[in-house]
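Single-structure report; data block below.
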Amino acid sequence: MTSPPAEAATRSLDAGDIEFGDGLEILLSTVFQSAEPGQTIDVATSSRATALELPGWARSTGHSAEQDWKETNQDGQRFIVRVRRGDVTPVLAPDLPARGDPMPLRLGTQFHTSDLISAAPERIPDSADPSYGLVPLGSIPEAGGPDYAWRLNRHDDLWAEDLTDLTERATSSQWDATSDIPWSEALDLPEEVEQAVAQVMTFIASNEYVALYVPAKFLPRVNAAFVDILMWLASHINDEARHVEVFTKRALIGGQRGYALASTQMSLHSLLEEDDFSSASLLLNVLGEGTFIDLLGFVSRNAPDAATAACARLAHRDEQRHVHFGISHVRRTQKLDPDSTSQLIGAVEARAAKLATLTGLSPVLLESLTILASGSARTAELRRGAAAVNELTKLMEVNRIRRLRAAGFDLETSHYLSELHTPNLM
């Protein structure tokens, strides 16, 4: 008869005076994710209120409090709650694989697209499942996302000789995701910080896919006589292709990987379904990319390394053009046809109805944004990171309303449309 495996030793976590709502959830999540199911962790806190709340937090997150908190005076007033890790995961997907080797750099600084393709954790398949979602290269898809029903599923139907070299030349005509990012600065981050950056970059890359697909969807429908529109859409597509490239590179360069979240897939799928050009401009350019300007500014300001900051800063510069176009187009559309206002509002309402089950940003993303802004998972820094994320959400709302007003909506309608905007941000 085989004996059961020995129980892992109890670990200790000193939470200091940090409380729930002040970054403690992030600290606990980070520690418990690294523990084995069934392992116990003694959580020490100087806050009696926190000690009383810990058993409730444990139950709500799939763990269990092994005993009531106890008090010790060895080092001042301390309260200890023993929590047993449950067999739970915040994501409906297999565990992320162990951190791999960093991606190769040429000349010590350059990260080429051809190297990304050849060194990625999975190779690009010859044939792909038509239901495959907007999953960045190398990421782990979460279960529960929608089927996409792609029409072009054979690699040979789309591929060309020297394809990656052609892509490299196209990106170098503007800022270059290979040489304009200080990639070597991204290689030495602590484990928990690199994981947070990889998850945020994966989230941004997923959203950049839809920012690429929406203008590409309309490009073949535009009359060739309107060369100015064709050139604009082509530049938009080129920008977004470069954004997918640069954020995928940053997600993978440190050897970590992130989740392509099902909530993100649901939100992006609903945006792809919009078939009216002006409504799509409102949803993508004004609301989606407008909100992403604030996110990219946040990442640029709080990035733990120069490479991440450069990715966000350069993409932010491109997105400003896209948002300016959306605001100008939607405002002009309403001026020329006042009846279009109700159609535009209806498009936002219809998308919100499809996403009624989404109630907020994924906890996985919130945790990663907090750690990214903190620069560590230590107690003192987490409070600052949590405050920065809270300020970001407030800024996003203020600026969404400002952009909607600039796009021609009255104040009441602008507040209404801002409240309806997807929690996924894009």
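Laid out as a table, the results:
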read-out: Highest-MSF residue in the chain out of 215, 338, 141 [GNM, Cα springs under 10 Å]; value: 338
read-out: Sum of side-chain charges, residue 303 neighbourhood, beta-carbon under 13 Å (Lys, Arg +1; Asp, Glu -1); value: 0
read-out: Inter-probe distance in nm under a simple model that places probes 7 Å from Cα toward Cβ, at residue 343 and residue 381; value: 5.1 nm
read-out: Distance histogram in 20 Å bins (all Cα pairs of segment 113-420, percent per bin); value: 32, 60, 8, 0
read-out: Sequence-distant residues sharing a close amide H with residue 16 (under 5 Å, placed H); value: 46
read-out: For segment 196-208, Karplus couplings with θ = phi - 60° (6.51, -1.76, 1.60), whole Hz, Gly/Pro x; value: 5, 4, 4, 5, 5, 5, 5, 4, 5, 4, 4, 5, 5
read-out: Three principal axis lengths of segment 303-406 [C-alpha, angstrom, descending]; value: 55, 33, 19
read-out: Nitroxide proxy distance, nm - points 7 Å out along Cα→Cβ at residue 48 and residue 150; value: 5.9 nm
read-out: Förster-model FRET efficiency, 45 Å R0, residue 393 and residue 127, C-beta, rounded to 0.05; value: 0.60
read-out: Prolate/oblate/rounded label for segment 11-84 (Cα gyration tensor, a/c 1.5); value: prolate
read-out: Rg to Rh quotient for segment 107-193, alpha carbon positions, Kirkwood Rh; value: 1.02
read-out: Cut-off under 5 Å, modelled amide H: who pairs with residue 255 long-range; value: 103
read-out: Cβ-based charge dipole, segment 286-397, positive-most Cα from 365, 330, 396; value: 396
read-out: 314, 107 arranged by Cβ crowding within 10 Å, fewest neighbours leading; value: 107, 314
read-out: Residues residue 328 and residue 165, FRET efficiency given R0 of 35 Å [Cβ-Cβ distance, rounded to 0.05]; value: 0.45
read-out: Relative contact order computed over the chain (Cα-Cα under 8 Å; 6+ residues apart), in percent; value: 17 percent
read-out: In segment 91-171, the trypsin sites (Lys or Arg not before Pro) that fall in loop regions by DSSP, at most 14 other Cβ within 10 Å; value: 99, 123, 151
read-out: Choice from 207, 223, 399 with maximal GNM fluctuation in the chain (Cα, 10 Å cutoff); value: 223
read-out: Assigned charges on the beta-carbon of Lys, Arg, Asp, Glu; the chain dipole about Cα centre (debye); value: 760 debye
read-out: GluC sites (Glu not before Pro) restricted to DSSP loop in segment 104-182 with at most 16 other C-beta within 10 Å; value: 122, 161
read-out: Estimated vicinal HN-Hα couplings, Hz - segment 8-19 in sequence order (Karplus 6.51, -1.76, 1.60; Gly, Pro = x); value: 5, 4, 5, 9, 10, 9, 8, 8, x, 10, 5, 10
read-out: Fully extended contour minus Cα-Cα distance, from residue 321 to residue 174, at 0.36 nm per residue; value: 51.5 nm
read-out: Percent of C-alpha pairs per 5 Å bin, segment 152-244, short to long; value: 2, 11, 14, 18, 22, 15, 9, 5, 2, 1, 0
read-out: Under-5 Å amide H pairs with residue 11, H placed in peptide plane, nonlocal only; value: 40, 41, 42
read-out: Whole-Hz couplings from phi, Karplus 6.51/-1.76/1.60, listed for segment 352-362; x for Gly and Pro; value: 4, 5, 5, 10, 4, 7, 8, 10, x, 4, 4
read-out: Beta bridge orientation in the chain: antiparallel %, DSSP, nearest 5; value: 65 percent
read-out: Order of 209, 416 under a 10 Å beta carbon neighbour criterion, fewest first; value: 416, 209
read-out: Spacing of the two label points (7 Å from each Cα toward its C-beta) at residue 226 and residue 275, in nm; value: 1.7 nm
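Each reported figure results from applying straightforward, stated rules to the coordinates on display, with no laboratory input. The shown structure was predicted, so the numbers you read here are calculated from the model rather than taken from an experiment. In this analysis, Cβ positions are derived from the backbone assuming ideal geometry, glycine residues included, and neighbour counts consider all displayed protein chains.
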